[in-house]
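So the structure is just underneath, and the comments pick up after that.
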Amino acid sequence: MKLLLHICCAPCSIACIQSLRAEGIEPTGFWYNPNIHPLTEYRARRDALQSYAAQIGMALEMHDAYGLRPFVRAVAEDMDARCVTCYAARMRETARYARAHGFTHFTSTLFVSPYQDHALLRAAAEQAAAEFGVAFLYRDFRPGFRDGQAQARALALYMQKYCGCVFSEEERYTKRSGAKPAAKPTEKPPAPFTEAEAALARQAAMPLFQAAGLRFDAEQAKADAAPPTAAAQALAAAMERERTGAVGGGDARGGDVRGVAPHPTRGQ
């Protein structure tokens, strides 16, 4: 098995990587999280992962795309159901990259979090697997969540305070102030009673995820094609300097951090 592990952040990766290695599976990490905002938060999570991957000797592919505008535009029509687009965008790009680069399977550290919508996320991953012709390795990593977080604190890794997007950051503050948080997504597989019913529900939701993923792809393509502003050029130059500075990184245990140009496989 050649496994590509989508990683949302270093703390969430700990239990997942340890669990996979205990099974005899050595994952290659994959950073692709255009939902994370603002830029300072994006960089903090990215840099923490690069450092941790080197510490544990894990190969890491960096798809370093800060996607504020494409993400916001893709979810603008239904911000309360933004998780559908968020899951679809990340799972589809992970599956697309896995297929293009010879991986046999993919999965995600998002499956460790008790705060994610597990059924919705699994449906997104299965849709991506079917669309791009690469196997999805399902693992429920949630039993290891608390231990992984404790290890992250002991290692002094950067620990985020919210899920990732600007809307989840807003919810963090509204919950603190006692205000009513935004509604959760309404378009999701119904609560099943059996595994067979759950599988049918996920299959029925697949067109929803494909549509959401294609919507994000369209917004990303527009952003890629648009003439860059001076601010965008400065940001791209700064991120390119950071990316090239990471190429060839690693440690004596074999860690390898590689840069990936934005959307290298889109359209394939």
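Restrict the check to segment 129-141 and report whether at least one residue is surrounded by 19 or more Cβ atoms within 10 Å (Cβ to Cβ) and modelled with pLDDT under 95. Within segment 129-141, not a single residue is surrounded by 19 or more Cβ atoms within 10 Å (Cβ to Cβ) and modelled with pLDDT under 95.
For segment 69-114, a residue qualifies if it is under 23 Å from ALA218 (Cα atoms), β-branched (Val, Ile, Thr) and under 14 Å from the mean Cα position of the chain (by Cα), and the qualifying residues are VAL84, THR85, THR94.
I need every pair where a residue in segment 194-211 that is more than 18 Å from CYS83 (Cα to Cα) has its Cβ under 8 Å from the Cβ of a residue that is in a helix (DSSP H, G or I), sequence separation at least 6 or different chains. Going by the 8 Å Cβ cut-off, the qualifying pairs are ALA198/ALA119.
The criterion of being touching a residue at least 24 places away in the same chain (Cβ under 8 Å), more than 16 Å from HIS63 (Cα to Cα) and hydroxyl-bearing (Ser, Thr, Tyr) does not hold for THR94.
Tallying residues that are in a helix (DSSP H, G or I) and either in contact with a Lys or Arg (Cβ under 7 Å, 6 or more places away or on another chain) or closer than 16 Å to ARG92 by Cα (or both) within segment 120-157 yields 13. Against the numbered list (1) touching a Ser or Thr at 6+ places or on another chain (Cβ under 8 Å); (2) buried (at least 24 other Cβ atoms within 10 Å of the Cβ); (3) among the small types (Gly, Ala, Ser), ALA81 comes up short only at (2). Do we find that GLU93 is buried (at least 24 other Cβ atoms within 10 Å of the Cβ) and out of contact with any helix residue (DSSP H, G or I) (no Cβ under 8 Å at 6 or more places or on another chain) in this structure? Yes, satisfied.
The values are calculated or read from the model by the stated rules, or taken from the named source; none is laboratory data. Please read all numbers here as calculations on a predicted model, not as lab measurements. Cβ coordinates were reconstructed from backbone atoms using ideal geometry, including for glycine residues, and neighbour counts include every protein chain displayed.
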